[in-house]
Number of protein chains: 2
Amino acid sequence: MEGTTARALGVHRVLEPAGALPQAAQRLDADPAIGPDEVRIAVERVNLDAASFRQLSESCAGDGAAVRSTVLEIVRTRGKMQNPVTGSGGMLLGTVDAVGPASPLGLAVGDRVATLVSLTLTPLRITDDLRRWDGRSEQVPAEGTAILFARSIAAVLPGDLPDAVSLAVLDVCGAPAATARVTERSGARSVTVLGAAGKSGCLSLAAARAVGARRLTGLVRDETEAAALTAAGLADRVVVADATDPLAVAAAVGEPADLTVVCVDAPRAEHGAILATAQGGTVVFFSMATSFAQAALGAEGMAADVTMLVGNGYTPGHAALALDLYRRNAGVRALIDPRVAE
Amino acid sequence: MEGTTARALGVHRVLEPAGALPQAAQRLDADPAIGPDEVRIAVERVNLDAASFRQLSESCAGDGAAVRSTVLEIVRTRGKMQNPVTGSGGMLLGTVDAVGPASPLGLAVGDRVATLVSLTLTPLRITDDLRRWDGRSEQVPAEGTAILFARSIAAVLPGDLPDAVSLAVLDVCGAPAATARVTERSGARSVTVLGAAGKSGCLSLAAARAVGARRLTGLVRDETEAAALTAAGLADRVVVADATDPLAVAAAVGEPADLTVVCVDAPRAEHGAILATAQGGTVVFFSMATSFAQAALGAEGMAADVTMLVGNGYTPGHAALALDLYRRNAGVRALIDPRVAE
């Protein structure tokens, strides 16, 4: 991490409280004038995090105009789109329109990009009052500016895929990259993915296969998902169980795997994942609903000698890998495309 | 994990709700009659988890008699000592007084043992009304019986150390074992421990040294701890910073380490740990105050290519390793002994 300074992390944009990192800050300076190491993006679309959008809709009783004014007020007062209740943000899409001479990100004016760091730490200014948005969708057409710091990540959108597909894939691109890396480093032969029919799940199966895993099991919640995953051909075996029921997971998986990847976006999947993993094996948790304490105490309580990883959304090369897996696997496309069309 | 069955995990002792694992259960059957694969312990002492004891004391306004009757009521109604508010338990000490013929634990009648699985999943019956306990200490002299399942862990107490020392060391024995393993597997040369003057912190430093780490940094919260850790000689370098202030941690540590071990029992130590770790390095979180979301989003937001591990309290050989580190390191003894005497 040589060369990292507080400035590279954007601390100079923090207005309150002083000294905080941007993600933890209450308020950022979203001034569109950039510093020498910054990049400015002309915003086209903001994708709200699903949990954030749900909370906003519920608190506004489904009134789209109220949701819109709430979002505008958050961005105006905080200088970023971070839902104060859920703490979550989302990502955005736009075109690079200014690059400081010292920016290390390798972006050029005119590049169409998606930000891969959270909106919770991205200085954002909205200039069109979100008038093209009805407040009823996570996808928010928007005009304005966003700032990237020296230590940020943005992916250039590929010309061969629709934006909506690229965003859907990039949104979860940390999971396949980390799955591939852990599979390689641990030498895992057998891999089980919990929540295998979802976006991160199917990409993780494809990633494990691509680096040589041989016995792939996909666990899904019902027969509809099982039929879709079976048809996609990404797993050697598809099993159905409630991922939050540890004994049901263990029974469905049968022989424990060297590596278990948790892509179930629900609480209480930790113990099933641990039980479904061989002694000496590894569990990677990608679900943000994962409880640290449940994982730690569960493994100890079951005398499970498993290595448990906090899924890191950042692995070098993650965006390109995920897009490539989408392009190369008809099965991945078959599972992801219907979600994009929704 | 071959041969693991629901029974080995103690599911047959779960009264409510059916099918749950013992830790998640509301109520266990604490019947002292053992099955063929179980072990019964004659209880001598129960150590309440610090968070649990604090909650009990506060809710009873410091009235020891009320704390005692609350604990008795919990054990009577739940068949285990799991604080319903904190969800936590503790550990216990006693003598093996019955071993089923099919128990795989290797224990013999008469062994004095400490349980290394949580009280939250240990069937417990109290028979002396805790009359020797004043309700004012985490250490509870007690008579009664506890049950170990086939897949449990208990450490035989060594004859050469006082019980209180063994318990203090065994309470945190997962940390040094995992630190040693991660240091070896990752080939880490430089290791930083946050919260280095505490029990798990000083043992982790000693463990890293024992397996060949060379550049050891101990981060502590104040000059008193710094003096104690410096005198103990366990670290090559002792630095002082608030572990919950990311930039302060990064500044104090300076050059990032290959491995950072978090033993700070406070929330919000995640981002400092990530910043203090080299790209490609590893962070192990042992603090139960760790937030999964803070770790995952923090690493992504800072584009930190770090492997983050959930500290697993169980690693094979962990008890013997920790006791051995205590015996062999005067510095470890100097830091732990005063805590035992308290």
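Values quoted throughout were computed directly from the atomic coordinates according to the rules given, and no laboratory measurement underlies them. Since this is a predicted model, take the numbers as computed values, not measurements. Positions of Cβ are backbone-derived with ideal geometry, glycine not excepted, and every protein chain shown enters the neighbour counts.
Proximity of backbone amide H atoms, modeled 1.01 Å from N, is registered between A:L28 and A:L15, A:G79, A:K80 at under 5 Å, excluding neighbours fewer than 5 places apart on the same chain.
Apply the a/c threshold of 1.5 to the C-alpha gyration tensor of segment A:188-227 and tell me whether it is rounded, prolate or oblate. Since a/c reaches 1.5 and a/b is larger than b/c, the shape of segment A:188-227 is classed as prolate. Pick from B:A304, B:A155, B:A206 the residue whose mean-square fluctuation is largest in a GNM of chain B, springs joining Cα atoms under 10 Å. Between B:A304, B:A155, B:A206, it is B:A304 that shows the largest mean-square fluctuation. When chain A is treated as a GNM with alpha-carbon contacts under 10 Å, the residue of A:S204, A:S59, A:S118 showing the greatest mean-square fluctuation is A:S59. In percent, rounded to a whole number, the relative contact order of chain A is 14, using alpha-carbon pairs under 8 Å and six or more apart. Here the relative contact order of segment B:1-116, from alpha carbon pairs under 8 Å that lie six or more residues apart, stands at 27 percent. With the convex hull of the Cα atoms taken as the outline of segment A:203-258, the averaged projected area works out to 3.9 nm². Principal-axis analysis of the Cα atoms of chain B puts helix B:64-78 at an angle of about 70° to the longest axis.
Residue-wise HN-Hα couplings along segment A:228-238, as the Karplus relation 6.51 cos²θ - 1.76 cosθ + 1.60 with θ = phi - 60° gives them from phi, are 5, 5, 4, 4, 6, x, 8, 10, 6, 8, 10 Hz; Gly and Pro carry x.
Cα centroid separation, segment B:256-274 to segment A:159-218: 28 Å.
On the principal axes of its alpha carbon atoms, segment A:286-342 extends 42, 28, 17 Å, with the longest extent given first.
Take A:R215, push a point 7 Å out from Cα through the beta-carbon direction, and compare it with the same point in every other copy: 4.2 nm, smallest first. Amide H to amide H distances under 5 Å link A:V284 with A:T260, A:V261, A:V262, A:L309, where only residues 5 or more positions off or on other chains count and H is placed in the peptide plane.
Of the two radii for segment B:35-181, the radius of gyration is 0.97 times the Kirkwood radius, both from the alpha carbons; that is the Rg over Rh value. Sites listed here are trypsin sites (Lys or Arg not before Pro) in segment A:129-203 whose DSSP assignment is loop and whose Cβ has at most 10 other Cβ atoms within 10 Å: A:R131.
Note on chain A: Cα Rg divided by 2.2 N^0.38 Å, N the number of residues, gives 1.02.
Just to be sure I understand: with springs between alpha-carbon atoms less than 10 Å apart, which residue in B:L105, B:L194, B:L93 has the highest mean-square fluctuation in the Gaussian network model of chain B? Between B:L105, B:L194, B:L93, it is B:L105 that shows the largest mean-square fluctuation.
Each Lys and Arg Cβ is given +1 and each Asp and Glu Cβ -1; about its Cα centre, segment A:7-162 then shows a dipole of about 220 debye. For the pair segment A:80-150 and segment B:286-340, the centres of their Cα atoms are 37 angstrom apart. Overall, the ratio between the Cα radius of gyration of segment A:116-270 and 2.2 N^0.38 Å, rounded to two decimals, is 1.25.
Here the dipole of the protein assembly as shown is about 720 debye; that uses its Cα centre as origin and unit charges on the Cβ of Lys and Arg (positive) and Asp and Glu (negative). Segment A:3-122: D in µm²/s via Stokes-Einstein (Kirkwood Rh, Cα pairs, 37 °C, 0.692 mPa s)? For the chosen part, D equals 216 µm²/s. Shown in residue order for segment A:34-50 are the 3J(HN,Hα) couplings computed by the Karplus curve 6.51 cos²θ - 1.76 cosθ + 1.60 at θ = phi - 60°: 9, x, x, 9, 10, 10, 10, 10, 7, 6, 10, 8, 10, 9, 6, 4, 4 Hz (x for Gly and Pro).
Which net charge results for the neighbourhood of A:R131, defined as the other residues with beta-carbon distances under 11 angstrom from its beta-carbon, given Lys and Arg at +1 and Asp and Glu at -1? Around A:R131, the surrounding residues sum to -2. In order along segment B:7-22, the phi-based Karplus estimate (6.51 cos²θ - 1.76 cosθ + 1.60, θ = phi - 60°) of 3J(HN,Hα) comes to 5, 4, 8, x, 4, 5, 8, 7, 8, 6, x, 4, x, 6, 6, x Hz; Gly and Pro are listed as x.
Summed over all non-identical Cα pairs, the Kirkwood treatment of the protein assembly as shown gives a radius of 26.4 Å.
Taking the Cβ of B:D49 as the center, what net charge do the other residues with Cβ under 12 Å away carry, scoring Lys and Arg +1 and Asp and Glu -1? Result for the neighbourhood of B:D49: -2. Treating each Cα of segment A:207-310 as an identical point scatterer and summing with the Debye formula, the log10 of I(q)/I(0) at q = 0.20 Å⁻¹ comes to -1.03.
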